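The values are calculated or read from the model by the stated rules, or taken from the named source; none is laboratory data. Every value quoted in this text rests on a predicted model; they were computed, and no experiment measured them. Cβ placement follows ideal geometry from the backbone for every residue including glycine, while neighbour counts extend to all protein chains displayed. Only protein heavy atoms, including side chains, enter the accessible area calculation; ligands, DNA and RNA are left aside. Shrake-Rupley method; radii C 1.70, N 1.55, O 1.52, S 1.80 Å.
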Amino acid sequence: GDAVPVAQRSSWTSFLKSIASFSGDLSSMTAPPFILSPVSLTEFPAYWCEHPALFASIADFPDDPAGRALAILRWFIVTLKGQYTSRIESMGSEKKPLNPVLGELFYGQWPASSPSQGRTDLLVEQVSHHPPITAYVIENKTKGLRLRGHNAQKTSFSGGSIIVKQIGHAILTVNLPNGKKEEYLINFPRLRIDGLWYGSPYIELAETSHIIGGGYVTSIEYKGKGYFSGKSHSFKASVARAVGGTEEYVVDGTWHLNSKFTKGSHPAFAPKPSGLFHDMTALPPQHVDTTPPAKMGEWETRRLWGLVAKGIREGDFDSASREKGRIEVEQRERRVHEKEAGKVWEGWHFDREVTPDLVYEHLAGLTKSIPLTEDMYVFKENWPMVFVEDWPSTSS
Ligand code: 0T9
């Protein structure tokens, strides 16, 4: 393909052949250097809050369940550009992220842009290595909002593309001023990775994902080029009453650009004359502030992968793969020692809960579109010590 450096063409072709004849955990496969990203998957949950003001805005509708459903939908849609296209902007194409080790951590925060908006904290931990599973908590205490979830993927190969089924879900908790606590269940779209042959992979979203809670069911349908609008990154979201199913709002557009109401309207959204529901053109992402390097622990992703990432960034792939090998050997030895000692890895911040049905009992009846057959990871409420008010801002 065009984007593949000449010297790596044969290794790219054999990489493609091996993914075509293999279905399982792609993240553990060795790929040619040009497609490697210096960023680990443990950093990805930060995409959920690169617009912290819109996350915070979910708390602005204490007496208006429809307003909350729309604010949650808007926040969700606004995260998609970062989640699914930002590697193209920063690195020219989708790249293969670093495969996190068990126990790898990522801590961060978005400082309060005003006292009323409050600070938002992020805590991420890799809770399984094979298959890779990443658990996270994002919390704005001032606003009474918390998002907790976990992500895993099942990949297959079809018609020249990688199809990624996202396993896992997130729960958004909204603490209302009347003391009531609402929970919204969120699942994730299916993705297709195209452009593989040319060595310039990109993501398109497919099928439907849901946000369920607060008396509403929101269904978001995704289409790419050549489907109902013919445009890449199209979506259509329908917000309906959970009981009775009456559809109250429909929003239509492209998630990386903008969208409009095509049914219903709400005074706090779609201001005239634009009528826009969301607009990415005027909305630069606010990247998360991470632990200051001097305070970073050995399990924190940017320190753990530091030398590998440096090698990838500087094109020194020998040193990148040597460092990667060192980390892998160290991990294998750790597992062997645990086995000998009759111990299992406990994890830092999450307990595995194998009966999610019990956790979600209160959502019974609403979860039909999201069968919850997976394990759940329960946060131990042990935020790291680095979460201090005077954490210096590292973003400029
Ligand atoms: C959760 C997101 C997820 C993680 C990534 C499929 C993928 C790993 C999972 C689903 C986030 O909220 C959103 C965005 C991108 C997803 C990644 C894209 C990708 O390619 C990788 C997989 C494992 C690969 O690295 C495939 C091989 C590679 C050569 C293609 C670029």
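Taken together, the residues in region 93-121 that are on the phi > 0 side of the Ramachandran plot and at pLDDT below 95 amount to 1.
I'd like the full set of residues that are in contact with a Lys or Arg (Cβ under 8 Å, 6 or more places away or on another chain), at pLDDT 95 or above and near the ligand (Cβ under 10 Å from one of its atoms), limited to region 126-160. Residue satisfying the conditions is Tyr136 alone.
Of note, Leu185 satisfies the criterion of being open to solvent by less than 10 Å² (accessible area, probe 1.4 Å), more than 14 Å from the ligand (Cβ to nearest atom), within 30 Å of Leu102 (Cα to Cα) and of a type outside the set (Asp, Glu). For region 167-213, the set of residues classified as free of Cβ contacts under 8 Å to residues at least 40 places away in the same chain and acidic (Asp, Glu) consists of Asp194, Glu204, Glu207, listed by residue number. Quick one: in region 153-166, of everything that is open to solvent by less than 50 Å² (accessible area, probe 1.4 Å) and without any contact (Cβ under 8 Å) to a residue 60 or more places away in the chain, which residue is farthest from Gln83 (Cα to Cα)? Looking at residues that are open to solvent by less than 50 Å² (accessible area, probe 1.4 Å) and without any contact (Cβ under 8 Å) to a residue 60 or more places away in the chain, I get Gly160. Total residues in region 75-99 satisfying the condition of being more than 11 Å from the ligand (Cβ to nearest atom) and touching a helix residue (DSSP H, G or I) at 6+ places or on another chain (Cβ under 6 Å): the figure is 3. For region 198-218, indicate whether the set of residues that are more than 30 Å from Ala3 (Cβ to Cβ), among the polar types (S, T, N, Q) and crowded, with 21+ Cβ neighbours inside 10 Å is non-empty. Looking for residues that are more than 30 Å from Ala3 (Cβ to Cβ), among the polar types (S, T, N, Q) and crowded, with 21+ Cβ neighbours inside 10 Å, one finds at least one in region 198-218, hence yes.
Kindly check whether there is at least one residue in region 169-185 that is farther than 23 Å from Ala53 by Cα and touching a Gly at 6+ places or on another chain (Cβ under 8 Å). Looking through region 169-185, none of the residues is farther than 23 Å from Ala53 by Cα and touching a Gly at 6+ places or on another chain (Cβ under 8 Å). Of the numbered criteria (1) touching a strand residue (DSSP E or B) at 6+ places or on another chain (Cβ under 8 Å); (2) within 12 Å of the ligand (Cβ to nearest atom); (3) modelled with pLDDT of 95 or more, the one Gln166 fails is (3). Within region 1-59, the residues that satisfy the criterion of being in a helix (DSSP H, G or I), within 11 Å of the ligand (Cβ to nearest atom), touching a helix residue (DSSP H, G or I) at 6+ places or on another chain (Cβ under 9 Å) and open to solvent by 20 Å² or more (accessible area, probe 1.4 Å) are Phe15, Leu26, Ser27, Phe34, Leu41, Glu43, Phe44, Tyr47. Would you confirm whether any residue within region 240-253 is closer than 21 Å to Cys49 by Cβ, open to solvent by 70 Å² or more (accessible area, probe 1.4 Å) and of a type in the set (S, T, N, Q)? No, region 240-253 contains no residue that is closer than 21 Å to Cys49 by Cβ, open to solvent by 70 Å² or more (accessible area, probe 1.4 Å) and of a type in the set (S, T, N, Q). For region 60-81, filtering for residues that are open to solvent by 20 Å² or more (accessible area, probe 1.4 Å) and within 12 Å of Phe269 (Cβ to Cβ) leaves 4.
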